[in-house]
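One structure is given here, and the rest of the page talks about it.
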Amino acid sequence: MMDDPLGIELAGVRLRNPVIAAAGTCGYGAEFDRVLPASALGAITLKSITPEARDGNQPWRILDAKAGMLNAIGLANCGLEAFLHEKLPAAAALDTVLIGSIAGHSVEEYCTVAKAFGTAEALSMVEVNASCPNTSDGRQFSADPSALGELIERIRRVLGPKPMLVKLPPDMADPVGMCSAAVDAGASGLTLSNTWPALAIDVESRKPRLSRGTGGFSGPGIHPMVVKLVREVFVNFARDRRVPIVGLGGVLDWEDAAEFVLAGATGIGLGTALFVDPALARKCAKGLQKWTNRQGQPLHALIGAMDEPGDPA
Ligand SMILES: Cc1cc2nc3c(=O)[nH]c(=O)nc-3n(C[C@H](O)[C@H](O)[C@H](O)COP(=O)(O)O)c2cc1C
């Protein structure tokens, strides 16, 4: 038996296991702790925060789909001040690492949130949501490397030294170019990925089923595509630059999580799974532990350890 088979270091922050609750799927943390003790998780990513409170889009803004779900929440949140004074103190009492998620409609808005998060002691790390598909301008910074680079550079200046993950979309034309732009501008790690832009149509009314029209698709249907994305970024960029990746997309069980690890992910995000059953996060960590025992190696030694086709057996 190994001493600490699941312990990982993510951008300099120690996590007891690699399982991370994804932004927007576990509220502000404290409400999630009522259904699954936070101590079961390596970290919780809190809901994305903008400077001002937002109601988000009108219903319907969540739908079941055959291989996952569609959402068009549109960054509904309580705003920065209420987050810092009403939500974060309760989350700070949780027995896990907290990641603050930064969002905005302009560089200035992202920077306002980043500056406050930089000095918020309860947040060990931040994640920049540069890829929300559910607002008119949520993906303006993830469409081209120079816009992304400028955003991340400006955020880094006001954030200070706190570890920063940058969360990108799954459908990038040049994933390696985008990831290197983020890291060159000051990102400490990458979260791959946000939801996949999607559309569901009510065939009787012939209207989109989400009030906003399009939304973001998540859950098991996107998993193999995100595994491929993680592998591509790991092999062509992250491995040599020693940049950690959080694999996020469609994980429902330990085997999905182990795939992400072998592809090159250090952390494993769970989003849609938490709507199915929050306890899946704990089951996932338990399954990973048994897997590392069978493999005879701690999890950190298995990161990226997939045999490429043609590798000697
Ligand atoms: C209902 C819902 C709300 C979400 N809200 C956010 C959010 O506020 N910020 C963010 O960065 N991602 C948000 N996401 C995206 C998830 O964090 C995650 O990237 C995506 O769902 C893919 O992972 P999954 O397949 O495990 O769900 C949301 C996803 C869902 C389903």
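The table for this structure:
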| read-out | value |
| --- | --- |
| Tail fraction, Cα-Cα pairs, the stretch 32-105, threshold 21 Å, whole percent | 41 |
| Within straight-line cross-link reach of Lys290, aspartates and glutamates at Cα separation under 17 Å, skipping those fewer than 8 residues along the same chain | Asp3, Asp4, Asp253, Glu255, Asp256, Glu259 |
| Radius 13 Å from Cβ of Ser211, net charge of other residues (Lys, Arg +1; Asp, Glu -1) | +2 |
| Where GluC sites (Glu not before Pro) fall in DSSP loop in the stretch 131-207, at most 16 other Cβ within 10 Å | Glu204 |
| Proximal lysines to Lys207, defined as alpha-carbon separation beneath 21 angstrom and excluding residues fewer than eight positions away on the same chain | Lys66 |
| DSSP-loop trypsin sites (Lys or Arg not before Pro) across the stretch 1-98, with at most 10 other Cβ within 10 angstrom | Arg34, Lys66 |
| Estimated inter-spin distance, Val235 and Asp64, nm [label 7 Å along Cα→Cβ] | 3.8 |
| Under-5 Å amide H pairs with Ile99, H placed in peptide plane, nonlocal only | Ile44, Thr45, Leu46 |
| From phi via Karplus (6.51, -1.76, 1.60), per-residue ³J(HN,Hα) for the stretch 79-93 in Hz, x at Gly/Pro | x, 4, 4, 5, 4, 5, 9, 10, 9, 5, x, 5, 5, 4, 7 |
| Cα centroid separation - the stretch 245-276 against the stretch 132-194, whole Å | 20 |
| Restraint check, Lys87/Lys167; Lys167/Lys286; Lys47/Lys87; Lys47/Lys115, Cα-Cα greater than 19 Å | Lys87/Lys167; Lys167/Lys286 |
| Computed lengthening from Asp307 to Gln289, 0.36 nm per intervening residue step minus Cα-Cα distance | 4.4 nm |
| Whole-Hz couplings from phi, Karplus 6.51/-1.76/1.60, listed for the stretch 96-101; x for Gly and Pro | 6, 7, 9, 10, x, 9 |
| Two-decimal Rg to Rh for the stretch 8-302 - Kirkwood Rh, Cα set | 0.94 |
| Per DSSP, loop chymotrypsin sites (Phe, Trp or Tyr not before Pro) in the stretch 212-283 with at most 14 further Cβ within 10 Å | none |
| Residue-wise HN-Hα coupling along the stretch 299-312, computed from phi with Karplus coefficients 6.51, -1.76, 1.60 (Hz; x: Gly, Pro) | 4, 4, 7, 9, 5, x, 7, 5, 6, 6, x, x, 5, x |
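Only the coordinates and a few stated rules stand behind these numbers; no lab work does. This is a predicted model, so every value here is computed, not measured. Reconstructed Cβ throughout: ideal geometry from the backbone, glycine too, with neighbour counts over all protein chains shown.
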